[in-house]
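Engineer: I am attaching a structure below and will ask some questions about it afterwards.
The values are calculated or read from the model by the stated rules, or taken from the named source; none is laboratory data. The structure displayed is predicted, hence computed values, not measured ones. Glycine also receives a Cβ, built like all others from the backbone with ideal geometry; neighbour counts cover every protein chain displayed.
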Amino acid sequence: MLSYIQIARPDHWFKNVFMLFGVILAMFYRPDAFQSAEAMLQIGKTVFIGLCAVCLIVSSNYVINEILDAPTDRSHPSKCFRPIPSGKVKLFWAYLEWIVLGIAGLGIAWSLNMPFFWSGAVLLLMGCAYNIPPVRTKEWIYLDVLSESVNNPLRLMLGWYLVLPGQVPPLSLLISYWMVGAFFMATKRFAEYRWINDPERAAQYRRSFRHYTEENLLVSMFIYAIASALFLGVFIVRYRLELVLAFPILAGFYGYYLYVGLKPNSTVQNPEHLYRERGLMAYLTLCLGAFLLLMFWDMPWLYEYFKVAPPAVESLWKF
């Protein structure tokens, strides 16, 4: 039974914490929805149910990933010991697990609201496109990174729709969130490629590695980071100029993550183990703290200094 739990990867559920960013963003747009303890409690319950739904959906995607990756995982130095490549799981029950988890997750999502349901359905569909032939985007150079990292803005939308199902989140922030996810994913590919240290074996493990090199992976990481910063800048000027003060800290986080990615046998190959990088986690906490402070604390002098019109949205607090 443990093997069937392992292929659902509950240890990866922490990634769904990125949904909370969408919840926080919705708080900025609708501070009146959080003015009473009763309203906060109701939103808390909704967020918890939504998290459960998304965990089931992503576990469904992980199961089909484990099933269809098993042949190539046998060529990987460590993934060959996963439950399916090592013969601990029967494929019939694994396919049944994939279907049941997906239906259960979408069923819970349906009970909340339709925008949340459709966002969850797209998340499930992207998992299928990423893993299932003949599409199987994970085998296409660059498209493997972009199709996997699109889960980032989808998670933001899922968190947003738990609070504001009648509005669409800012497109500039969605694209920025997508590109920062692409930066993280490309760094993971780079670390994997360097660790395998054998182009032929790397290509056997992942077809996209036939076309990747350390050089073009580094260039793509640079492009994704620049694109993320560009669209974040659009969001900041349009909606929240105070966040410009966090730019030096955010730039440092990109650099720190790249530094970790360049280490031999880097932890970024397995993001679920990044908590072991205590310095990176401390820096991430600093970034999140700065973001929360600047997202909800007005500084009118900034708009006068940069000659930018203040947004129409009122904040929870004023500085």
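Engineer: Would the stretch 7-14 turn up any residue that is modelled with pLDDT of 85 or more, in the same structural domain as LYS90 (by TED's automatic domain parsing) and not in a helix (DSSP H, G or I)?
Structural biologist: yes
Engineer: Restricted to the stretch 33-62, and to residues that are of a type in the set (S, T, N, Q) and closer than 18 Å to LEU156 by Cβ, which residue is surrounded by the fewest Cβ atoms within 10 Å (Cβ to Cβ)?
Structural biologist: THR46
Engineer: Ok, one more. So which helices (runs of 4 or more DSSP H) stay within the stretch 85-185 end to end and still have 1 or more residues that are surrounded by fewer than 18 Cβ atoms within 10 Å (Cβ to Cβ)? Even if it seems obvious, please write down each step before you answer.
Structural biologist: Working: elements: 91-112, 114-131, 143-149, 151-163.
Of the helices (runs of 4 or more DSSP H) lying wholly inside the stretch 85-185, those with at least 1 residues that are surrounded by fewer than 18 Cβ atoms within 10 Å (Cβ to Cβ) span 91-112, 114-131, 143-149.
Engineer: Taking the stretch 186-215, which residues are β-branched (Val, Ile, Thr) and assigned to a helix (DSSP H, G or I)?
Structural biologist: Hits for the stretch 186-215 are THR187, ILE196.
Engineer: Would you confirm, using the coordinates I've provided, whether MET179 is among the aliphatic types (A, V, I, L, M), out of contact with any strand residue (DSSP E or B) (no Cβ under 6 Å at 6 or more places or on another chain) and closer than 23 Å to LEU158 by Cα?
Structural biologist: For MET179, the condition - among the aliphatic types (A, V, I, L, M), out of contact with any strand residue (DSSP E or B) (no Cβ under 6 Å at 6 or more places or on another chain) and closer than 23 Å to LEU158 by Cα - is met.
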